[in-house]
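The values are calculated or read from the model by the stated rules, or taken from the named source; none is laboratory data. Just so you know, these numbers come straight off a predicted model, no measurement behind them. Here the Cβ positions follow ideal geometry from the backbone for every residue, glycine too, while neighbour counts run over all protein chains shown.
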Amino acid sequence: MIDLLRDNKEFSLKVYKFIGYRFKKLERRIQLLLFKDTKTRLKEFIKELAEEFGYENRVTKDTIIRHPYTQKELATLIGTSRPTLNVLLHELQTDGFLRFTRKEITLLKSFVS
(Lines give C-alpha, C1' and ligand atoms only; values in the text may rest on other atoms or scores of the structure.)
Protein backbone atom coordinates (compact mmCIF):
# COMPACT_ATOMS: atom_id res chain seq x y z
CA MET A 1 0.00 0.00 0.00
CA ILE A 2 2.81 2.38 0.88
CA ASP A 3 4.51 1.72 -2.47
CA LEU A 4 1.22 2.37 -4.27
CA LEU A 5 0.77 5.67 -2.43
CA ARG A 6 4.36 6.67 -3.11
CA ASP A 7 4.23 5.81 -6.82
CA ASN A 8 0.78 7.15 -7.67
CA LYS A 9 0.46 10.79 -6.57
CA GLU A 10 -3.14 11.20 -7.79
CA PHE A 11 -4.27 8.12 -5.87
CA SER A 12 -2.43 9.19 -2.74
CA LEU A 13 -4.03 12.64 -2.89
CA LYS A 14 -7.51 11.07 -3.09
CA VAL A 15 -6.74 8.78 -0.16
CA TYR A 16 -5.52 11.72 1.95
CA LYS A 17 -8.60 13.76 1.03
CA PHE A 18 -10.85 10.86 2.00
CA ILE A 19 -9.09 10.41 5.32
CA GLY A 20 -9.28 14.17 5.98
CA TYR A 21 -13.00 14.18 5.19
CA ARG A 22 -13.59 11.30 7.61
CA PHE A 23 -11.62 13.10 10.35
CA LYS A 24 -13.66 16.29 9.85
CA LYS A 25 -16.89 14.31 10.03
CA LEU A 26 -15.77 12.54 13.19
CA GLU A 27 -14.67 15.85 14.76
CA ARG A 28 -18.05 17.41 13.93
CA ARG A 29 -19.88 14.48 15.56
CA ILE A 30 -17.75 14.70 18.70
CA GLN A 31 -18.45 18.44 18.97
CA LEU A 32 -22.17 17.75 18.63
CA LEU A 33 -22.07 15.13 21.37
CA LEU A 34 -20.13 17.36 23.73
CA PHE A 35 -21.71 20.77 23.23
CA LYS A 36 -25.25 20.43 21.83
CA ASP A 37 -28.59 19.37 23.27
CA THR A 38 -30.29 16.18 22.06
CA LYS A 39 -32.73 17.86 19.69
CA THR A 40 -29.94 19.80 17.98
CA ARG A 41 -27.84 16.63 17.70
CA LEU A 42 -30.78 14.85 16.07
CA LYS A 43 -31.38 17.67 13.58
CA GLU A 44 -27.70 17.82 12.62
CA PHE A 45 -27.51 14.05 12.27
CA ILE A 46 -30.61 14.02 10.05
CA LYS A 47 -28.95 16.63 7.84
CA GLU A 48 -25.88 14.37 7.57
CA LEU A 49 -28.13 11.43 6.70
CA ALA A 50 -29.74 13.56 3.99
CA GLU A 51 -26.31 14.22 2.46
CA GLU A 52 -25.42 10.53 2.48
CA PHE A 53 -28.70 8.73 1.78
CA GLY A 54 -31.14 11.43 0.69
CA TYR A 55 -32.63 12.41 -2.63
CA GLU A 56 -35.11 15.09 -3.60
CA ASN A 57 -38.69 14.27 -4.56
CA ARG A 58 -39.17 16.17 -7.82
CA VAL A 59 -42.88 16.79 -7.29
CA THR A 60 -42.99 17.93 -3.65
CA LYS A 61 -39.36 19.14 -3.36
CA ASP A 62 -39.11 17.23 -0.05
CA THR A 63 -35.94 15.27 0.76
CA ILE A 64 -36.42 11.54 1.20
CA ILE A 65 -33.84 9.63 3.23
CA ARG A 66 -33.75 5.84 2.95
CA HIS A 67 -31.34 4.88 5.70
CA PRO A 68 -30.07 1.49 6.94
CA TYR A 69 -30.40 2.22 10.68
CA THR A 70 -32.83 1.05 13.33
CA GLN A 71 -34.14 3.51 15.94
CA LYS A 72 -31.78 1.94 18.49
CA GLU A 73 -28.79 2.52 16.20
CA LEU A 74 -29.87 6.10 15.45
CA ALA A 75 -30.22 6.78 19.18
CA THR A 76 -26.76 5.34 19.86
CA LEU A 77 -25.20 7.44 17.09
CA ILE A 78 -26.53 10.68 18.60
CA GLY A 79 -25.90 9.64 22.21
CA THR A 80 -29.43 9.25 23.55
CA SER A 81 -31.93 6.52 24.36
CA ARG A 82 -34.38 5.02 21.89
CA PRO A 83 -37.47 6.34 23.74
CA THR A 84 -36.00 9.87 23.77
CA LEU A 85 -35.25 9.62 20.05
CA ASN A 86 -38.82 8.50 19.40
CA VAL A 87 -40.22 11.43 21.39
CA LEU A 88 -38.04 13.90 19.48
CA LEU A 89 -38.98 12.42 16.10
CA HIS A 90 -42.67 12.70 17.01
CA GLU A 91 -42.12 16.34 18.10
CA LEU A 92 -40.46 17.16 14.77
CA GLN A 93 -43.29 15.39 12.94
CA THR A 94 -45.93 17.30 14.91
CA ASP A 95 -44.12 20.58 14.20
CA GLY A 96 -44.31 19.78 10.47
CA PHE A 97 -40.59 19.35 9.83
CA LEU A 98 -40.53 15.68 8.86
CA ARG A 99 -42.39 12.42 8.48
CA PHE A 100 -40.82 9.11 9.36
CA THR A 101 -41.37 5.40 8.98
CA ARG A 102 -39.18 2.49 9.91
CA LYS A 103 -36.60 2.87 7.12
CA GLU A 104 -37.42 6.26 5.65
CA ILE A 105 -37.40 9.86 6.84
CA THR A 106 -39.00 12.53 4.69
CA LEU A 107 -37.69 16.02 5.35
CA LEU A 108 -40.35 18.54 4.49
CA LYS A 109 -39.35 21.80 2.84
CA SER A 110 -39.65 23.63 6.19
CA PHE A 111 -36.87 21.48 7.70
CA VAL A 112 -34.43 22.08 4.88
CA SER A 113 -34.89 25.85 4.68
In a helix (DSSP H, G or I), surrounded by 11 or more Cβ atoms within 10 Å (Cβ to Cβ) and among the hydroxyl-bearing types (Ser, Thr, Tyr) - does that describe any residue in the range 11-21? yes
(1) under 16 Å from the mean Cα position of the chain (by Cα); (2) on the phi > 0 side of the Ramachandran plot all hold for ARG66 apart from (2)
Can you name the number of the only condition in (1) loosely packed, with under 12 Cβ neighbours inside 10 Å; (2) modelled with pLDDT under 90; (3) not hydrophobic (A, V, I, L, M, F, W, C) that TYR55 fails? (2)
If we keep just the residues of the range 34-58 that are in a helix (DSSP H, G or I) and in contact with a strand residue (DSSP E or B) (Cβ under 8 Å, 6 or more places away or on another chain), which is nearest to THR80 (Cα to Cα)? ILE46
